[in-house]
Ligand code: SF4
């Protein structure tokens, strides 16, 4: 590719290039191969944009360069035209192009010395390592454009902030960290990094880089599905808990597929179960699986919570990203093998936590076992103890009962090759109960559920939409708790069942399950 054809970089392309040169190449030349953001990711982006708008009040009275991103040259012209107007104290989204790099600065504020302060805004709770190149590349471009930059800062959500209600106050919501030294130190490395990126971009084909942990850190890569398709069907990346050392050892030895792993390779128990499952095509059960499952004593309550955790708190007294539970589902396995279901979904604009706890405590009183999938529910209840002291004793009684984490049982004692290396409920359920996947639901993830709940309680939402949203929420949460029963049923399998209890459970599930055939 001729040098003139190398595309301009942007701040996001630069950070993509730091994460993976293949990602950079694909995002420049084949962006359509990326997976568009889903509703949950879009909600995160939207929340970030909202935080960015609020942050402008940190340096008020500025001018917004509101030309769209695809009108970058126009935005640069307008920025340049206004910079000399010393009556303007700040710019939001000021645009620059230097050294083949385009940037838009969240906030560029004039200092008393007629120099500039660059403020990058993030909706994180702290400054992170990956933010340094992000601000450094902006600093470099802005200074190449002739601006003297006195200070480089990063504004992020404050850990000390508690929402008092009403409008968000930027100076309370956000904390500003000085990153001047880090950014200046990093600028010195940018030229070399740009040279490497431009060399990669001068090639016709994207670099041949295998998938690995870098696909998720520091950011989820939108090309993962595309790159995963280049790997063997049973890629070693699906070995649970694969360490960097083991990955390197296997790849350096030319082993790309789980099927090719030499017998003498040292694998931990979960990895060996995964390997055997792929080789044989059959699920692998650990010796202690049944004993672990027998810790579930009836009446057993299989519970799941849905929570809100928005960057911008909704209820007075809550903090950014604080989990506020608004819904629970409980499938109860009784001693005679029958299964019943109860649920709670808050309503109205009030803080749902008290009603949530009252209903949950009442529901779980008398439970012999509380079964969860991950420690999230316990953590959530511990958090509620701190903020609802009147409920603390009742919650303590629940928390000191018999809890069984089904995720730990699956992770430690069972593997089905269709887990594909993941033990999340969304991976495990379709593997063990095909036809009972989440695709038939309108809501398929926690973030979408959280947004649906917020939508349902907005005064502007019509009664019809509200009813539909609530139906979708109830169906989603119920699926998570029913899934745990199905998973136990499938893990035991017909031959492994020690008593008539599980067969009764299967019949009860068939009678209750509205989503399709069960696999046993
Ligand atoms: S999925 Fe991984 S290997 Fe592929 S482009 Fe993204 S980061 Fe690179």
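Just so it is clear, none of the values below were taken in a lab; they were calculated from the coordinates. Just so you know, these numbers come straight off a predicted model, no measurement behind them. Counting neighbours? That spans all protein chains shown, and the Cβs are built from the backbone with ideal geometry, glycine included.
Assorted remarks:
- By average C-beta atoms within 10 angstrom, highest first, the peptides 439-446, 106-113, 66-73: 106-113, 439-446, 66-73
- Centre separation in Å (Cα based) which lies between the range 70-105 and the range 191-222: 28 Å
- On Cα atoms only, tilt of 446-457 relative to the major axis of the chain in degrees: 80 degrees
- At R0 = 35 Å, FRET efficiency that the Cβ-Cβ distance of residue 460 and residue 185 yields, to 0.05: 0.10
- Nearest-ten-degree value, helix 72-83 long axis tilted from longest Cα axis of the chain: 50 degrees
- Note: the chain, Cα convex hull, 176 Å³ per residue.
- Estimated from helices alone, the mean residue ellipticity of the chain at 222 nm is -13500 deg cm²/dmol (sum of -39500 (n - 2.57) over DSSP H runs with n ≥ 4, per residue).
- Both radii were evaluated on the Cα set of the range 3-201; the Rg over Rh quotient, with Rh as the Kirkwood radius, amounts to 0.96.
- For the pair residue 396 and residue 167 in one chain, pulling the backbone fully straight at 0.36 nm per residue adds 78.9 nm over the alpha carbon distance.
- In this simple spin-label approximation, residue 263 and residue 315 carry label points 7 Å from Cα along the Cα→Cβ vector, and these lie 5.9 nm apart.
- The calculated FRET efficiency for residue 387 paired with residue 362, based on their beta-carbon distance and R0 = 25 Å, is about 0.80.
- Modelled FRET efficiency - R0 41 Å, residue 125 with residue 71, Cβ distances, 0.05 increments: 0.75
- When only Cα pairs below 8 angstrom with a gap of at least 6 residues are kept, the chain shows a relative contact order of 13 percent.
- Pair-distance profile P(r), taking every C-alpha pair of the range 207-302, with 10 angstrom steps and integer %: 13, 38, 27, 16, 6, 0
- Relative contact order %, the range 234-282, counting alpha carbon pairs below 8 Å whose residues are six or more apart: 44 percent
- Bridges between two residues of the chain, per DSSP, are antiparallel at a rate of about 70%.
- Once the Cα-Cα distance is subtracted from the 0.36 nm per residue extended length, the residue 244 to residue 6 segment shows a gain of 82.4 nm.
- Length-normalised contact order of the range 13-145 in % [C-alpha pairs under 8 Å, at least 6 apart]: 19 percent
- Estimated Rh, the range 234-282: Kirkwood, alpha-carbon pairs, angstrom: 10.7 Å
- Between the range 254-292 and the range 420-492, the Cα center-to-center distance that results, in Å: 30 Å
- Compared with the alpha-carbon gap, the fully stretched path from residue 355 to residue 40 is longer by 110.8 nm at 0.36 nm per residue.
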